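Note sheet for the following structure.
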Amino acid sequence: MKQMLFWQRLDCPGLEQAEIETGAGLSLSASGSLLHADTGASLRYRMQLDHHGRLSHAHIDVSAPEPRQLTLQHTESGRWLVNGQAQPAWDGCQELDLQSCGLTNAFPIRRLKLGIGDSVELSMLFVRLPALTPAICPQRYTRLPDHDGMPCYRYESPGFAADIIVDEQGFTLHYSDFLQRLPDSGRD
(Lines give C-alpha, C1' and ligand atoms only; values in the text may rest on other atoms or scores of the structure.)
Protein backbone atom coordinates (compact mmCIF):
# COMPACT_ATOMS: atom_id res chain seq x y z
CA MET A 1 0.00 0.00 0.00
CA LYS A 2 1.28 3.48 -0.89
CA GLN A 3 0.59 6.55 1.16
CA MET A 4 1.86 10.10 1.45
CA LEU A 5 2.54 11.43 4.95
CA PHE A 6 3.27 15.02 5.98
CA TRP A 7 4.66 16.31 9.29
CA GLN A 8 4.84 19.90 10.44
CA ARG A 9 7.31 21.04 13.09
CA LEU A 10 5.71 22.64 16.15
CA ASP A 11 8.84 24.11 17.74
CA CYS A 12 10.14 26.00 14.68
CA PRO A 13 9.31 26.30 10.97
CA GLY A 14 9.72 22.95 9.26
CA LEU A 15 7.98 20.39 7.10
CA GLU A 16 8.59 16.79 6.07
CA GLN A 17 6.85 14.74 3.42
CA ALA A 18 7.31 11.03 2.83
CA GLU A 19 5.91 8.68 0.24
CA ILE A 20 5.75 5.27 1.88
CA GLU A 21 5.04 1.91 0.34
CA THR A 22 4.52 -0.99 2.72
CA GLY A 23 4.95 -4.55 1.53
CA ALA A 24 5.23 -8.10 2.86
CA GLY A 25 5.78 -8.39 6.59
CA LEU A 26 7.29 -5.14 7.80
CA SER A 27 9.01 -4.24 4.54
CA LEU A 28 8.85 -0.58 3.67
CA SER A 29 10.20 1.74 1.00
CA ALA A 30 10.19 5.46 1.66
CA SER A 31 11.31 8.54 -0.17
CA GLY A 32 10.88 11.97 1.23
CA SER A 33 12.12 15.47 1.79
CA LEU A 34 12.66 17.51 4.89
CA LEU A 35 13.11 21.24 5.43
CA HIS A 36 13.80 22.52 8.95
CA ALA A 37 14.74 26.02 10.04
CA ASP A 38 16.45 24.99 13.31
CA THR A 39 19.17 22.97 11.57
CA GLY A 40 19.04 24.84 8.26
CA ALA A 41 18.61 21.41 6.67
CA SER A 42 17.02 20.86 3.30
CA LEU A 43 17.34 17.25 2.26
CA ARG A 44 15.93 14.28 0.40
CA TYR A 45 16.06 10.70 1.61
CA ARG A 46 15.36 7.19 0.39
CA MET A 47 15.09 4.29 2.84
CA GLN A 48 14.41 0.60 2.47
CA LEU A 49 13.42 -1.79 5.28
CA ASP A 50 13.43 -5.58 4.87
CA HIS A 51 10.45 -7.84 5.70
CA HIS A 52 11.61 -7.94 9.37
CA GLY A 53 11.36 -4.14 9.58
CA ARG A 54 15.12 -3.60 9.71
CA LEU A 55 16.83 -0.93 7.66
CA SER A 56 18.71 -2.39 4.73
CA HIS A 57 19.60 0.81 2.84
CA ALA A 58 19.33 4.57 3.24
CA HIS A 59 20.55 7.44 1.09
CA ILE A 60 20.41 11.01 2.39
CA ASP A 61 21.19 13.96 0.15
CA VAL A 62 21.50 17.36 1.84
CA SER A 63 21.26 20.40 -0.45
CA ALA A 64 21.45 23.11 2.23
CA PRO A 65 23.15 24.64 4.08
CA GLU A 66 26.02 22.78 2.40
CA PRO A 67 25.69 19.96 -0.15
CA ARG A 68 26.64 16.48 1.11
CA GLN A 69 25.50 12.89 0.84
CA LEU A 70 25.41 9.85 3.08
CA THR A 71 24.70 6.28 2.06
CA LEU A 72 24.09 3.66 4.76
CA GLN A 73 23.70 -0.07 4.35
CA HIS A 74 22.88 -2.50 7.14
CA THR A 75 23.71 -6.02 6.05
CA GLU A 76 21.88 -9.17 7.14
CA SER A 77 24.89 -10.04 9.30
CA GLY A 78 24.48 -6.72 11.18
CA ARG A 79 27.42 -4.88 9.60
CA TRP A 80 27.01 -1.16 8.86
CA LEU A 81 28.53 0.25 5.69
CA VAL A 82 28.84 4.02 5.49
CA ASN A 83 29.45 5.32 1.97
CA GLY A 84 30.60 1.77 1.17
CA GLN A 85 33.08 1.54 4.07
CA ALA A 86 32.57 -0.97 6.91
CA GLN A 87 32.11 0.57 10.35
CA PRO A 88 32.60 -2.33 12.84
CA ALA A 89 32.16 -0.01 15.85
CA TRP A 90 28.51 0.45 14.83
CA ASP A 91 27.65 -3.22 14.36
CA GLY A 92 25.68 -3.31 17.63
CA CYS A 93 23.26 -0.61 16.43
CA GLN A 94 19.84 -2.04 15.66
CA GLU A 95 18.14 0.94 14.01
CA LEU A 96 18.59 4.25 12.17
CA ASP A 97 17.29 7.53 13.57
CA LEU A 98 17.53 10.63 11.40
CA GLN A 99 17.45 13.84 13.46
CA SER A 100 14.20 15.81 13.14
CA CYS A 101 12.59 13.10 10.99
CA GLY A 102 8.98 12.09 11.66
CA LEU A 103 9.42 8.74 9.91
CA THR A 104 12.37 7.00 11.56
CA ASN A 105 10.83 6.60 15.04
CA ALA A 106 8.25 4.36 13.38
CA PHE A 107 10.92 1.78 12.49
CA PRO A 108 11.48 0.36 16.02
CA ILE A 109 7.85 0.98 17.05
CA ARG A 110 6.54 -1.08 14.11
CA ARG A 111 9.12 -3.83 14.59
CA LEU A 112 8.93 -4.25 18.38
CA LYS A 113 5.14 -4.08 18.89
CA LEU A 114 5.54 -3.52 22.64
CA GLY A 115 2.69 -4.25 25.02
CA ILE A 116 1.52 -1.57 27.46
CA GLY A 117 4.18 -1.19 30.16
CA ASP A 118 6.89 -2.94 28.13
CA SER A 119 10.14 -1.08 27.58
CA VAL A 120 13.27 -1.70 25.53
CA GLU A 121 16.60 0.07 25.17
CA LEU A 122 18.14 0.13 21.71
CA SER A 123 21.50 1.15 20.36
CA MET A 124 20.67 3.48 17.47
CA LEU A 125 22.72 4.92 14.65
CA PHE A 126 21.69 8.57 15.06
CA VAL A 127 22.41 10.87 12.09
CA ARG A 128 22.74 14.55 12.98
CA LEU A 129 21.58 17.26 10.60
CA PRO A 130 22.72 19.06 8.57
CA ALA A 131 26.25 17.61 8.96
CA LEU A 132 25.10 14.00 8.31
CA THR A 133 27.36 12.74 11.10
CA PRO A 134 26.30 9.29 12.36
CA ALA A 135 26.93 8.39 16.01
CA ILE A 136 25.81 5.67 18.39
CA CYS A 137 22.97 6.82 20.65
CA PRO A 138 21.14 4.75 23.28
CA GLN A 139 17.37 5.20 23.08
CA ARG A 140 14.54 3.74 25.12
CA TYR A 141 10.99 3.12 23.95
CA THR A 142 8.27 2.41 26.55
CA ARG A 143 4.69 1.55 25.57
CA LEU A 144 2.26 3.78 27.43
CA PRO A 145 -1.53 3.46 27.68
CA ASP A 146 -3.38 4.60 24.57
CA HIS A 147 -4.00 8.31 24.09
CA ASP A 148 -7.47 9.00 22.67
CA GLY A 149 -7.58 5.43 21.37
CA MET A 150 -4.18 5.61 19.63
CA PRO A 151 -0.97 3.81 20.71
CA CYS A 152 1.45 6.00 22.68
CA TYR A 153 5.15 5.53 23.40
CA ARG A 154 7.65 7.31 25.66
CA TYR A 155 10.89 7.99 23.80
CA GLU A 156 14.05 8.70 25.81
CA SER A 157 17.62 9.44 24.78
CA PRO A 158 20.39 11.14 26.77
CA GLY A 159 19.04 14.55 27.80
CA PHE A 160 15.74 14.22 25.92
CA ALA A 161 12.33 12.59 26.43
CA ALA A 162 9.05 12.86 24.52
CA ASP A 163 5.75 11.06 24.07
CA ILE A 164 4.96 9.81 20.58
CA ILE A 165 1.40 8.99 19.52
CA VAL A 166 1.20 6.74 16.48
CA ASP A 167 -1.47 5.48 14.11
CA GLU A 168 -2.51 1.83 13.80
CA GLN A 169 0.45 1.20 11.46
CA GLY A 170 2.98 2.70 13.89
CA PHE A 171 3.58 5.97 11.99
CA THR A 172 3.94 9.14 14.08
CA LEU A 173 0.82 11.27 14.53
CA HIS A 174 2.06 13.57 17.29
CA TYR A 175 5.53 13.90 18.82
CA SER A 176 5.17 15.97 22.04
CA ASP A 177 5.84 19.65 21.30
CA PHE A 178 8.09 18.72 18.39
CA LEU A 179 5.96 17.71 15.40
CA GLN A 180 2.45 16.87 14.26
CA ARG A 181 1.29 14.85 11.28
CA LEU A 182 -0.93 16.75 8.89
CA PRO A 183 -4.14 15.13 7.60
CA ASP A 184 -3.61 12.33 5.09
CA SER A 185 -3.73 13.44 1.49
CA GLY A 186 -5.03 10.09 0.26
CA ARG A 187 -3.92 6.54 -0.38
CA ASP A 188 -3.58 4.37 -3.45
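The values are calculated or read from the model by the stated rules, or taken from the named source; none is laboratory data. Just so you know, these numbers come straight off a predicted model, no measurement behind them. Backbone-built Cβ (ideal geometry, glycine too); neighbour counts: all protein chains shown. For the accessible areas, the whole protein counts, side chains as well, though only heavy atoms, and no ligand, DNA or RNA atoms are used. Shrake-Rupley method; radii C 1.70, N 1.55, O 1.52, S 1.80 Å.
Brief remarks follow.
- Of the residues making up region 1-43, those that are open to solvent by less than 20 Å² (accessible area, probe 1.4 Å) and closer than 18 Å to Arg110 by Cβ number 9.
- Of all residues in region 25-65, those satisfying the criterion of being assigned to a loop (DSSP other than H, G, I, E, B) and either of a type outside the set (Val, Ile, Thr) or modelled with pLDDT of 95 or more (or both) are Gly25, Leu26, Ser27, Ala37, Asp38, Gly40, Asp50, His51, His52, Gly53, Arg54, Pro65.
- Any chance Ser176 is touching a Leu at 6+ places or on another chain (Cβ under 9 Å) and free of Cβ contacts under 8 Å to residues at least 24 places away in the same chain: yes
- Count - residues of region 142-188 that are outside any strand (DSSP E or B), over 27 Å from Lys2 (Cα atoms) and open to solvent by less than 70 Å² (accessible area, probe 1.4 Å): 0
- Scope region 66-117; condition in a helix (DSSP H, G or I), open to solvent by 60 Å² or more (accessible area, probe 1.4 Å) and not small (Gly, Ala, Ser); matching residues: Pro88
- Filtering region 118-131 to residues that are surrounded by fewer than 19 Cβ atoms within 10 Å (Cβ to Cβ) and closer than 30 Å to Pro65 by Cα leaves Ser123, Arg128, Ala131.
- Of all residues in region 118-129, exactly one satisfies the criterion of being among the aliphatic types (A, V, I, L, M) and assigned to a loop (DSSP other than H, G, I, E, B), namely Leu129.
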